[in-house]
């Protein structure tokens, strides 16, 4: 299936290659570079490129292209999904997935790739299993090894893959048994010029960090499971149980994992936590434009809106902007024409605003497009969909774990469409 | 060695100094970081490494290996170290080293040389090591050894490889069997002659029940013997049932294979829909309809009933729409699209729309497929219209695809919303695509044509030339549909020729003017005049249209344009492009009358000014669905190498009985009847049946296994299958007949004392005379074990014992009854015995025992309390209080007490067992303790260990027990199968895996003591 893998950095250098079946000359990447040159933006490179003898399927993550070389028919999503899994694994192992990190850990990277694919077909991709086979590099271990001059030799060979629960490693032991669940929701919304919602949907995930000894069997129930009608699960979740009782029942993997992700669609009413009043005008013949923008909270259930960041791509004709923020700081990049305003926290008593003028290129005609305004924000301790975890129970083990749950709402792709 | 894998990324060898893991550097000479690869240094380093490899310490060897791997990664030549590695690492027993990363390094190193330098012969040196590795007790080493061995591409080792694969295919460890499956395509590509033998191995592995193996073996099947669809028949139902537990990558492969399989084996579920005219494809033409009507008429005569196996596939894949893996979701979606009845396809829409929130690459692929689906089944995605709205942050390719989908989704009801949405896009994003989209909407929906046209005309005044050009092209196509109404638009466009430079747009305008020159009689000659002036500077495509325009004008208005036309034709005659010269010559002959002009010129006017049919603006995704959705070929709209066509539905269904799982020949001869034959509801019973008795390994295959390491397990499973065979034989029989036979069997056996209840019970059941007796009578009461709650010393004279009475606790059926016996060993009375401060795990409940007011000295009293343990072995903690003292006590149940017996018939048992496969099934081999080798002892020990009731069983080598957990009522099924000389196999099926695991432990303990 997957023949070879090339890692290409932003400047178009191949900095790592791995072959599983036979060597494919790196010149095959020339087709990729061609496409890269044609694309105006890095993300515009087509994910699937056909060349005379091979097909190139690539993903872009962390400014690195992971280019897989395929020789025959294979579902493209299969490869794409696998490449993303590789990136996730690197991130899991090294904390970040950058060119430097990959080069620093080249031996581990090779070990991982060797273990994840056998003859081009995925072999072990579960993080728990991989970690049992290949120890992630840690600062502590590196230090200990430096001092004692030893390596990890002497540890037992893992029993890997034998367990009836293929995603959980065996023999887990903790002194503090903890299970944390983060409910994180992102709102995607498009608001039109009059302030009414064109689309709004919520994309939520429950990320878990479970550090429990032995083989715990957890059940997680919700106060309002009806909200979750469009969900995807980690393979550990027992689907039948969910269908029948709307309870998440699972033996968790060890460590961090994404338990489920869900989608609350626009059919349901989605509360919009902030509003924007904006007035951006250009006049024909004038070299000045007016900019006026005010933010305010709305439907936040009394929770503070934090880390607010407003950004807008101003039209090409704008030379500079001289604005006056009531709070926070703003920057305008005259090259990319990107205006960003770091607002911070919204104080409902004193609404933040950004007012001033923009200077336009002399003689240029009035820009015909008005800028879209993108907003980012965070609201702690609230899930905007109203989802609430009812209880978490553990069976199968005798100790009493510490349980924690956290809610957060973030802006996903939150856009305000241009004024007219 | 000609290829240096990393040379260009690392221009100078010194750059990679930091990349080797830090620990390696410190323990060694410093030259790695400064290795300027100058002769002396590198040779020194290689010597160093050789020395390290020669050392006795594993740690040093590992270091050396890691450094070599790092060197290779950095593109340095480490080939001269190969002999040293092979000598010192390979010849050493791999089993001695117990660090997996060592093995991996070695594996990588070897594979690297095998792949890069094709030093296959050198690799042969290490073959003996692998052969030893194949026999290693550790499964990981066996698997790794097989992986390396199968990667060596030298034909002389083909027999060794074949043997190794065969051996590994019957390995005990599913992980090794998985690796064997992976090795099959490798060997096949090395030597296709081995195909027949490999197919045997595949056949054997296909019968494997483990989820770990299933995906890999189907992959091997696809690569080696795709055409042998007969191998799938027997395993079809098993694959369907295992699917949900298979790992994600395997699921994708299996689903894709099953899609093709289903297309060859089942009938099209949609054929008789058209007959009733309920929901037809919108774009069906008459011919097709007729054809379908015929088929439908045929179908009416013989009403369509979906094959239960077809239904099974659809049912078992549906939950996978909820997978986190986009590839799995897509695989299920395409399966439903290609196989499901129309009414059911809708379920996939929601899942696909969910994928649109994933990475942009995933979106790209999903949108391509959605675009194809929307053409065929528009209604499916209509509710999700808004999910396809474009965001300014989307990459261009996503925007284009979303526009495509939106255009496909447009109909009379939603067109106004969509057009409004398009209008916003024009203001902000890639406008040229939007013009196309509007044009497509306009052609598809007649009502909005004028609106669209107006919108497009507005676009003509846009400042972006590309937009204008694109609009012109689209307007041209629209106008062609009704030109007479729109002469003002044509005039407007004629003016554009002064400004617009994009060749395609200019050409379109010229064509329009030429075609409809009678609508603009004054402007047309003037345009030609301007064009004649600039003729030499135009692009070829424009020149051709100028000639075209000139010809048409000459025919309609020769008075004004005769000279102009001749001028243009003369220019064209000397053009550089032969196409234009040709055209000019051809047209001159046709339109300019000469004495030699042939018959054709009479018809010139008809030729040029014939009414042209309006173009159809079509989606590029039309008819793409002849490629299997989700495939690479579909995405590229071209056949990729190795693509397998999706077969058409068969006219008549092939024999469905091929999927019935075989029973032994001898048994068949007795005259058994399958469910299908008797017409019993197969859908209800079929799948379960197959799980119990599926995958009979062919006797010849297992007989030829020569493996020493797996002999034990091989023979074990063989005998197990024999039994299964005999069980299914009974299943196949009529119920009455079977019961009679059972009865006979039961009575034939010497009725042992302990078994009398069971036999009696059975007879009663058969006669239906009495309802099944209450379960308590089944549990041998003598087996009740007492536990101490409070010792007489800590209790200051009060001692308490408790036992699980196994009686139903009447106040609450979900509670376990605990019977307590209080003894007062003191000389004084104890008063007010009661309990307080119950501390419980969440979910647990307790029903307290009634207060004992007085317990005189030396007396004993009993009380019963109920505890709902929530099916866990968590302790219930509480305080036992008297009038003077409080004692902290806790009750912890053995897992066997968390269930209550249920009565099942053999059939029900098998059926339930079939539903609790995969992860819900735990099997253990054991040797029975000396004292419990007879059936009686086994029954006694098992029922003592767990509160279960015995299930009647035809075989005297098997004891079966059943129960339900007290709180949730999950079934617990236990099977003890005895073999010769005390060997036995214990199998527990329980939905609650934890309970299952613990129960296995307890029963094992009870049986082996």
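Please tell me if residue B:543 is buried (at least 17 other Cβ atoms within 10 Å of the Cβ), in a helix (DSSP H, G or I) and touching a residue at least 60 places away in the same chain (Cβ under 8 Å).
On the way: buried (at least 17 other Cβ atoms within 10 Å of the Cβ): yes; in a helix (DSSP H, G or I): yes; touching a residue at least 60 places away in the same chain (Cβ under 8 Å): no.
When the stated conditions are applied, residue B:543 does not pass them.
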Practice item. List the number of the failed condition for residue B:644; all other conditions in (1) in a loop (DSSP other than H, G, I, E, B); (2) more than 60 Å from the chain's Cα centre (by Cα); (3) surrounded by 15 or more Cβ atoms within 10 Å (Cβ to Cβ) hold. Key: (2)
Practice item. For the stretch A:212-235, enumerate the residues that are surrounded by 20 or more Cβ atoms within 10 Å (Cβ to Cβ) and under 22 Å from residue B:873 (Cα atoms). Key: A:212, A:215, A:216, A:217, A:218, A:220
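Looking only at the stretch B:937-956, count how many residues are at pLDDT 80 or above and farther than 17 Å from residue B:895 by Cβ.
Just the residues of the stretch B:937-956 that are at pLDDT 80 or above, to begin with: B:937-951.
Okay, now just the ones that are also farther than 17 Å from residue B:895 by Cβ, so B:937-940, B:950-951.
Total satisfying the criteria: 6.
Residue by residue, here is whether (1) under 28 Å from residue A:398 (Cβ atoms); (2) more than 13 Å from every other protein chain (Cβ to nearest Cβ) holds:
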{"position": "A:202", "(1), (2)": "no, no"}
{"position": "A:221", "(1), (2)": "yes, no"}
{"position": "A:228", "(1), (2)": "no, no"}
{"position": "A:242", "(1), (2)": "yes, no"}
{"position": "A:248", "(1), (2)": "yes, no"}
{"position": "A:256", "(1), (2)": "yes, yes"}
**Study point:** Hits in the stretch A:388-413 - residues which are more than 10 Å from chain B (Cβ to nearest Cβ) and either in contact with a helix residue (DSSP H, G or I) (Cβ under 8 Å, 6 or more places away or on another chain) or assigned to a strand (DSSP E or B) (or both)
**Key:** A:389, A:390, A:402, A:404, A:405, A:406, A:407, A:408, A:409, A:410, A:411
Practice item. Starting from residues that are free of Cβ contacts under 8 Å to residues at least 40 places away in the same chain and at the interface with chain B (Cβ under 7 Å from one of its Cβ atoms), keep the ones in the stretch A:48-71 and report whichever is surrounded by the fewest Cβ atoms within 10 Å (Cβ to Cβ). Key: A:50
Point to revise | Top-ranked residue of the stretch B:350-375 - restricted to ones that are free of Cβ contacts under 8 Å to residues at least 12 places away in the same chain and closer than 14 Å to residue B:397 by Cα, ranked as farthest from the other protein chains (Cβ to nearest Cβ) | key: B:359
Review point. Got a sec? Which of A:187, A:191 is modelled with pLDDT of 85 or more, surrounded by 21 or more Cβ atoms within 10 Å (Cβ to Cβ), more than 10 Å from chain B (Cβ to nearest Cβ) and under 26 Å from residue A:310 (Cα atoms)?
Key: A:187
Review point. Among the residues of the stretch A:5-16, which ones are facing another protein chain (nearest Cβ under 10 Å) and farther than 15 Å from residue A:34 by Cβ?
Key: A:7, A:9, A:13, A:15, A:16
Check your understanding: Considering the stretch B:524-539 alone, what residues qualify as being over 13 Å from residue B:571 (Cβ atoms) and in a helix (DSSP H, G or I)?
Key -> B:524, B:525, B:526, B:527, B:529, B:530
Exercise for review: Determine whether residue A:45 is more than 8 Å from chain B (Cβ to nearest Cβ), at pLDDT 85 or above and within 25 Å of the chain's Cα centre (by Cα).
Suggested key: yes
Review point. Does residue B:784 satisfy the condition of being more than 14 Å from chain A (Cβ to nearest Cβ) and over 22 Å from residue B:963 (Cα atoms)?
Key: no
Practice item. Tell me, please, whether a residue that is in contact (Cβ under 8 Å) with a residue 60 or more places away in the chain, touching a strand residue (DSSP E or B) at 6+ places or on another chain (Cβ under 9 Å) and either within 25 Å of residue B:626 (Cβ to Cβ) or more than 9 Å from chain A (Cβ to nearest Cβ) (or both) can be found in the stretch B:424-446. Key: no
Check your understanding: In the stretch A:127-164, which residues are within 17 Å of residue A:236 (Cα to Cα), within 7 Å of another protein chain (Cβ to nearest Cβ) and modelled with pLDDT of 55 or more?
Key -> A:164
Check your understanding: Conditions: (1) crowded, with 21+ Cβ neighbours inside 10 Å; (2) closer than 18 Å to residue B:354 by Cβ. Residue A:249 meets all but one. Number of the miss?
Key -> (2)
Point to revise | Matching residues in the stretch B:386-402 - criterion: being within 18 Å of residue A:39 (Cβ to Cβ), part of a helix (DSSP H, G or I) and within 8 Å of chain A (Cβ to nearest Cβ) | key: B:396, B:397
Review point. Of the numbered conditions (1) touching a helix residue (DSSP H, G or I) at 6+ places or on another chain (Cβ under 6 Å); (2) surrounded by fewer than 22 Cβ atoms within 10 Å (Cβ to Cβ); (3) at pLDDT 90 or above; (4) at the interface with chain B (Cβ under 8 Å from one of its Cβ atoms), residue A:19 satisfies every one except a single condition; which is it?
Key: (3)
Check your understanding: Is one or more of the residues making up the stretch B:819-841 closer than 20 Å to residue B:895 by Cα, surrounded by 16 or more Cβ atoms within 10 Å (Cβ to Cβ) and within 14 Å of chain A (Cβ to nearest Cβ)?
Key -> yes
Revision key, fill the gap. Per the filter on the stretch B:616-638, residues at pLDDT 80 or above and loosely packed, with under 14 Cβ neighbours inside 10 Å are B:626, B:637, B:638
Exercise for review: With the condition kept exactly as written, say whether any residue in the stretch A:74-93 is over 28 Å from residue A:258 (Cβ atoms) and within 7 Å of chain B (Cβ to nearest Cβ).
Suggested key: no
Study note, to complete from the structure: Of those in the stretch B:623-641 that are within 7 Å of chain A (Cβ to nearest Cβ) and outside any loop (DSSP other than H, G, I, E, B), the residue farthest from the chain's Cα centre (by Cα) is B:636
Exercise for review: Determine whether the stretch B:947-954 contains at least one residue that is closer than 23 Å to residue B:874 by Cα and crowded, with 19+ Cβ neighbours inside 10 Å.
Suggested key: yes
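Which of the following residues is surrounded by fewer than 22 Cβ atoms within 10 Å (Cβ to Cβ) and under 24 Å from the mean Cα position of the chain (by Cα): B:127, B:184, B:160, B:199? Steps first, please.
Details: B:127 fails: under 24 Å from the mean Cα position of the chain (by Cα); B:184 fails: surrounded by fewer than 22 Cβ atoms within 10 Å (Cβ to Cβ); B:160 fails: under 24 Å from the mean Cα position of the chain (by Cα).
Unique residue meeting the criteria: B:199.
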Point to revise | Qualifying positions in the stretch B:132-153 - closer than 17 Å to residue B:170 by Cβ and part of a loop (DSSP other than H, G, I, E, B) | key: B:134, B:135, B:136, B:137
Point to revise | Filter result (modelled with pLDDT under 85 and surrounded by 19 or more Cβ atoms within 10 Å (Cβ to Cβ)) within the stretch B:881-899 | key: B:882
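The values are calculated or read from the model by the stated rules, or taken from the named source; none is laboratory data. Owing to the predicted nature of the structure, the values given are computational and were not obtained by experimental measurement. Note that each Cβ is placed from the backbone with ideal geometry, even for glycine, and that neighbours are counted across all protein chains shown.
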